[in-house]
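Here, each number is a calculation from the coordinates, and none is a lab measurement. Since the structure is predicted, the reported quantities are computational estimates derived from the model, not experimental observations. Cβ placement follows ideal geometry from the backbone for every residue including glycine, while neighbour counts extend to all protein chains displayed.
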Amino acid sequence: MIEVKNVNKSFGENQVLKDVSTVFEQGKVNLIIGQSGQGKSVLAKCVVGLHEVDNGQILYNGRDFCQMNRLDRKDIRKEIGMLFQGSALFDSMTVEENVMFPLSMFTKMTKKEMQERADFCLDRVNLAGRNKLYPSECSGGMQKRIAIARAISMRPRYLFCDEPNSGLDPKTSIVIDGLIKEITYEYDITTVVITHDMNSVIEIGDNIIFIYQGQNWWQGDKKAIITTDNPEINDFVYASEFMKEIKEQMRRQSPAE
Amino acid sequence: MGVIRNIGKYMFMLWVVFSLPDKWRIFRVRLFQEIEIIGIKSIPIVALMSAFMGGVIAMQTASNMSNPLLPTYTVGYITQSSTILEFSPTIISLILAGKIGSNVASEIGTMRVTEQIDALEIMGVNSLSFLVLPKTLAAIMFFPVLVIFSIGLSLVGGWVSMIMSGLLSSEDYVFGIRSFFLVSNIVYALTKTVVFGFLIVTISSFYGYYTKGGALDVGRSSTQAVVSSSIAILIANFLLTQMILLK
C-alpha cells in the first residue's frame, strides 16, 4: 500500500499539486486519471521519487520515502517496477539483457539463474523465444510487454505504469491492460496506472483517482465513475459524442428499471 | 549568471559521478566497452589526421628555411617539438572533442529524452556514475595512448613527405627529430591530454544528461557539448602551459 499525504509540488510560480492525499491499495489496480496538464504525471513522478515534493508525505507500507536519503531509497526502489510511456528500454541491449539488467545490478544470481528468470518473465508476457532481438526490432506492443517483463523481473511490490496504452492500437491496448491486471492479482502488488484511456478505466480500474487542477478531485471505483454527478468527471468521461450517447441511453433505460 | 549556475551544476555532477559504482563487475564490462568506443574506434581518424599533419608541418618548415646558417636537421627538430608540444595533444584533442563529444552528448541526451535515465533512477541505479564514470576513465586511460600514437605517426608523416618532396634527406630529418629530445615534453603532452580527455567527456556528458525536450534539443546539446569542450580545451591548454612549461 502507498499512502500519499498532503503532497504539494510547484515548479517556480506554478503550483502543480495542491495538497493531494490518497491511498493506492495493495492487490488492486489504482488508476490516476485526468486531462492533460492537470498534474497526474507529476503526482506519479513524485511518488516514485523522480520529483522531490515541496511538502507532504509518501509512505510505502509505512516507510516515509520523502524523508529518506539516496541510499535508503535504494531499498524501496528495488521493490518498484515501472513501465514508461515510451517503454524506456535500453537500445544497446537485447530483449533478454534488458530483462536481466535489474537482476545483474541488484542480485547475486548466477548468469544461468538470471537467464531462467528472464525466460520466465518473457514467457509471462507471451514473448518466449524473442530473447535475442533488439528493442528496435520489436513493435510498440512488444516493447511494452518487454518493459513489463523487465518491471516484474525483480518481483516488485509496487508497479507503476505511465500511460501504458499510448501509441497502441485498441486490440494491443486490451492485451497490455489484461497483463497489468493479471500481474497485479497474481503477485498481489500495488499497481498505479496513469491513463486517460476510458477503455482502461472501465477494464481495469479498481480504484480511480481523478486529478483536476492539481487536486484529488474525486476517488471511487469503475462503477461509481460512470454514475457520478460530478460535472468535472462527466466532462472528462463523456467528452466524446459516442460516450454522451451511451450516457443518454443509460439515462433512458434507468427510469424503466 | 547562467554560466555560474552551469559551473555549479557541473561540479555537482562530478561529485555524483565519482562515487563508487553499484556493481564492480558491470562497471568493468562497461569500462572496456567505452575504451573500445572512445579509444579504439578513434584510431583511424587520429591516424589519418596525424600522418597528414606531420607531413604538412615538415613541408611548411622546410619550405620556409631559406637561411643557410640554419642547419638542415632543424626541419626534423621543429617537426618533433611542435608535434609533441602542441599539434598532437591539442589539435587531436580538438578533433576528438568533435567526434567523441557529440557522440557522448547525443547518446546520453537520447537516453534522457526517451526516459531511459529515469528508468535507471527508478531501479535505484546511480545513473550519473553508471553512464559517465566508465566514459571518463576510458578517456583518461586511452587519450594518452592515442596521443603517443599520433606523435609517432606525425613524425613518420613528416619523414615520408620529406622523402617524397625531396626537400630533405632521410638522415637529416631523422637526426633532427632525435636532436634535443626532452622527456619532460612528453610528460607535458600527456598531462595535457589527460586533462583534455577528462574535459571532453565530462562536459559532453553534462550537456547530454541535462537535456530537456526532444530530438531537436538532443542535437542542440550535442552542438553545445562540442563548442564548450573545445573552448575548455583552449583555456586549459593556456593554463597548463603556464603551469607546467613556464614554471
Q.
Compute the angle between helix B:215-240 and the longest alpha-carbon principal axis of chain B, please, reported from 0 to 90 degrees and rounded to the nearest 10.
A. 50 degrees
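Could you compute the FRET efficiency for A:THR107 and A:SER36, with r as their C-beta to C-beta distance and R0 at 22 Å, rounded to 0.05?
Working: r = 38 Å, r/R0 = 1.73.
After rounding to 0.05, the efficiency reads 0.05.
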Q: For A:LYS40, go through the lysines and keep the ones whose alpha-carbon is under 19 Å away, minus same-chain ones fewer than eight residues off.
A: A:LYS5, A:LYS9, A:LYS18, A:LYS28, A:LYS222
Q.
Could you check the spin-label model distance between A:ASN230 and A:LYS5? Points 7 Å from the Cα along Cα→Cβ, value in nm.
A. 2.3 nm
Q. Counting only DSSP beta bridges with both residues in the protein assembly as shown, what percent are antiparallel, rounded to the nearest 5?
A. 50 percent
Q: Using a Förster distance of 56 angstrom, determine the FRET efficiency expected from the C-beta separation of A:VAL23 and B:LYS99, and round it to 0.05.
A: 0.60
Q | Equivalent ellipsoid dimensions for segment B:99-247 as semi-axes, Å, which come from the Cα gyration tensor, largest first | A | 40, 17, 14
Q. Zone of A:ASP188 (label point 7 Å along Cα→Cβ, backbone N under 11 Å): which residues in segment A:216-246?
A. none
Q) Taking the simple approach of a point 7 Å from Cα along Cα-to-Cβ for both B:LEU182 and A:SER166, what is their distance in nm? A) 6.0 nm
Q. Given the options B:ALA139, B:ALA215, B:ALA105, which has the most mean-square fluctuation in a GNM of chain B, springs set between C-alpha atoms less than 10 angstrom apart?
A. B:ALA215
Q | Share of Cα-Cα pairs in chain A lying beyond 22 Å, as whole percent | A | 57 percent
Q.
Quick check on the protein assembly as shown: what are the equivalent-ellipsoid semi-axes from the Cα gyration tensor, as sqrt(5λ), descending, whole Å?
A. 59, 22, 20
Q. Put a dot 7 Å past each Cα toward the Cβ at A:GLN15 and B:LEU20; how far apart are the dots in nm?
A. 4.3 nm
**Q.** Length added when fully stretched, B:THR241-B:ASN6, from 0.36 nm per residue minus Cα-Cα
**A.** 82.0 nm
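Need one value for A:79-89: mean number of C-beta atoms belonging to other chains within 10 Å of its residues' C-beta atoms. Show your work: numbers first, answer last.
Working: counts 1, 3, 2, 6, 1, 6, 2, 4, 4, 9, 4.
Partner Cβ neighbours, averaged per residue: 4.
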**Q.** Degrees between helix B:127-165 axis and first principal axis of chain B (Cα, 0 to 90, nearest 10)
**A.** 20 degrees
Q. Which of the pairs A:LYS74/A:LYS112; B:LYS135/B:LYS192; A:LYS78/A:LYS171; A:LYS78/B:LYS9 have their Cα atoms more than 21 Å apart in this structure?
A. A:LYS74/A:LYS112; A:LYS78/A:LYS171; A:LYS78/B:LYS9
Q | Fewest-first sequence of A:VAL20, B:VAL183, A:VAL4 by Cβ atoms within 10 Å of each Cβ | A | B:VAL183, A:VAL4, A:VAL20
Q) Nearest-5 percent of antiparallel DSSP beta bridges in chain A? A) 50 percent
Q: Would you kindly give the portion of the calculated P(r) for segment A:90-155 that falls above 17 Å, as a percent of all Cα pairs?
A: 29 percent
Q: Mind sorting B:THR191, B:THR211 by how few other Cβ atoms lie within 10 Å of their own Cβ, fewest first?
A: B:THR191, B:THR211
Q | Computed helical MRE - 222 nm, chain A, DSSP H runs ≥ 4 contributing -39500 (n - 2.57), nearest 500 | A | -13000 deg cm²/dmol
Q.
What do you get for the angle between helix B:24-34 and the principal long axis of chain B? Use alpha-carbon atoms, 0 to 90 degrees, nearest ten.
A. 50 degrees
Q. Any idea how far the Cα center of segment B:67-123 sits from the one of segment A:150-227, in Å?
A. 49 Å
Q: Would you tally the net charge around B:TYR77, using a Cβ to Cβ cut-off of less than 12 Å, leaving B:TYR77 out, and scoring K and R as +1, D and E as -1?
A: 0
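Using Cβ counts within 10 Å as a stand-in for footprinting exposure, how do A:ASP119, A:ASP197 rank, fewest first? Mind showing how you got there, number by number?
On the way: A:ASP119 17, A:ASP197 20.
So the residues, fewest neighbours to most, are A:ASP119, A:ASP197.
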Q: Report the relative contact order of chain A, percent, no decimals, based on alpha-carbon pairs under 8 angstrom and at least 6 residues apart.
A: 27 percent
Q. What is segment B:23-245's relative contact order, in percent, from Cα pairs under 8 angstrom and six or more apart in sequence?
A. 36 percent
